[in-house]
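Below: one structure, written as structure tokens.
The values are calculated or read from the model by the stated rules, or taken from the named source; none is laboratory data. In this text, all values refer to a predicted model and were calculated from it rather than measured experimentally. A quick note on method: Cβ atoms are made from the backbone with ideal geometry, for glycine too, and the neighbour counts reach across all protein chains shown.
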Amino acid sequence: MERWAGQLTQVLAAARAAGVKFERELTFKGLIVSQGRRKRARDARPTMRPEQGKALFRQPPFTGCKNCNAVCVPGEYVFHCALYYAILLFTYGGERREEICGALVTDVIAVAGTILHIEIKDNEYRRLKNSQSERPAVIHPELIRLGFLDYVAAIKALGYELLFPDLYSPTTQSPLGDRYHDQLRPVLDRAGITAKGTGSHSARRGFGNNLKQQGIGAEVRMDLLGHAGDSETTERYCDGYDLQVLYDTILKLPVVTAHLAPMPLRLVPWVAAKRTAPFSQPGRTKEAKAQRRRSKQT
């Protein structure tokens with residue numbers, strides 16, 4: 001809110017400078033927090049610490065749950081889906097939530113001689129935050145050990161476009177990451193990670209912080225996180241780091257999933273059967289709404 005208020009204040013100032021007159025005095029100053037009360041950016045949101053990551057990955061979705069409708073209840077099944085793999089990608093890759101939740105199967109690049117990575121770019125399911133968000137996101141070997149490539153191959157063989165089709169419903173235009181957050185929140189609560197704002201973004205912050213604690217310089221972290229350089233030297237007069245440099249960098253991250261054993265691939269049943277998501281609400285489609293309007297008119 002504060003950022004928008006500041007920008008609107010600048011628009012008003014430019015309008016007045018151009019001679020625009022207002023019937024009433026407009027101001028957005030009441031929405032701007034004074035400098036003395038403003039939090040430092042690094043303190044504004046929680047950061048997931050390695051010990052929290054270990055606690056998270058000891059929960060039933062990763063070690064075994066009762067079934068796909070009771071993922072927080074301990075059991076014998078591990079389901080390979082967004083809930084399982086997305087948080088691994090955030091932890092070891094630092095991507096933004098929609099960058100992963102809206103990724104396509106074809107974005108996963110696994111070509112001989114090329115370091116495994118996900119090409120983060122615009123697609124029809126989501127847009128990127130800014131131009132520097134478009135980048136390769138290298139994949140940590142822990143994901144390979146835990147069957148990520150087998151999962152990608154299975155989803156591709158079923159003909160899906162989305163890397164995580166279990167997040168998609170044809171009856172809503174809500175961001176795919178919203179559905180993912182709803183799935184992840186109970187798991188975080190069970191792990192005792194209850195601070196407001198914890199989730200995929202706190203894992204992203206944890207990724208950046210863990211690299212910093214390993215002595216990784218800001219420029220490498222910016223390329224991994226999809227941040228722009230802060231000077232001509234870091235932004236205009238150099239290319240992004242090579243995949244090999246980025247890969248070697250993420251190998252320095254603390255491994256918080258070493259206790260997890262690779263499990264036989266098990267997709268969510270309705271994804272494997274290519275059925276519409278059970279959380280889909282047909283009554284919310286445009287056609288259904290139009291039908292209700294017509295019914296009221298007759």
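On the given criteria, is residue 232 more than 22 Å from the chain's Cα centre (by Cα) and farther than 17 Å from residue 57 by Cα? Answer is yes for this residue.
Does any residue of region 223-245 turn out to be among the acidic types (Asp, Glu), buried (at least 19 other Cβ atoms within 10 Å of the Cβ) and within 26 Å of residue 144 (Cβ to Cβ)?
So far as region 223-245 goes, yes, one or more of its residues are among the acidic types (Asp, Glu), buried (at least 19 other Cβ atoms within 10 Å of the Cβ) and within 26 Å of residue 144 (Cβ to Cβ).
Listed by first and then second residue, the pairs with beta-carbon distance under 6 Å, at least 6 apart or on different chains, first residue in region 200-219 and over 19 Å from residue 257 (Cβ atoms), second surrounded by fewer than 17 Cβ atoms within 10 Å (Cβ to Cβ), are 219/234. If I filter region 130-155 down to residues being polar (S, T, N, Q) and assigned to a helix (DSSP H, G or I), which single residue comes out as farthest from residue 251 (Cα to Cα)? Once the filter is applied, the top-ranked residue is 131.
Taking region 65-125 as the region of interest, the strands (runs of 3 or more DSSP E) fully inside it that hold 2 or more residues being touching a Lys or Arg at 6+ places or on another chain (Cβ under 9 Å) and either assigned by TED's automatic domain parsing to the domain that holds residue 174 or more than 23 Å from residue 204 (Cα to Cα) (or both) are 70-74, 117-120. The set of residues from region 258-270 being closer than 23 Å to residue 56 by Cβ, of a type outside the set (D, E, K, R) and in contact with a Phe, Trp or Tyr (Cβ under 9 Å, 6 or more places away or on another chain) comprises 259, 260, 263, 265, 267, 268.
Within region 103-155, the residues that satisfy the criterion of being farther than 23 Å from residue 57 by Cα and small (Gly, Ala, Ser) are 110, 112, 113, 131, 133, 153, 154. Residues of region 189-208 that are assigned to a helix (DSSP H, G or I) and under 24 Å from residue 250 (Cα atoms): 200, 201, 202, 203, 204, 205, 206, 207, 208.
Report yes if residue 285 is surrounded by 12 or more Cβ atoms within 10 Å (Cβ to Cβ), among the hydroxyl-bearing types (Ser, Thr, Tyr) and either modelled with pLDDT under 95 or assigned by TED's automatic domain parsing to the domain that holds residue 156 (or both), otherwise no. Taking the combined requirement at face value, the residue satisfies it.
Regarding region 170-185, can at least one residue be identified that is in contact with a helix residue (DSSP H, G or I) (Cβ under 7 Å, 6 or more places away or on another chain), closer than 28 Å to residue 249 by Cβ, at pLDDT 95 or above and not in a helix (DSSP H, G or I)? No: zero hits. For region 45-60, residues that are over 14 Å from residue 207 (Cβ atoms) and assigned to a loop (DSSP other than H, G, I, E, B) total 3. Which residues, taken from region 209-238, are modelled with pLDDT of 85 or more and in a loop (DSSP other than H, G, I, E, B)? Scanning region 209-238 gives 214, 215, 216, 217, 226, 227, 228.
Screening residue 187 with (1) in contact with a Lys or Arg (Cβ under 7 Å, 6 or more places away or on another chain); (2) farther than 14 Å from residue 94 by Cα gives one miss only, at (1).
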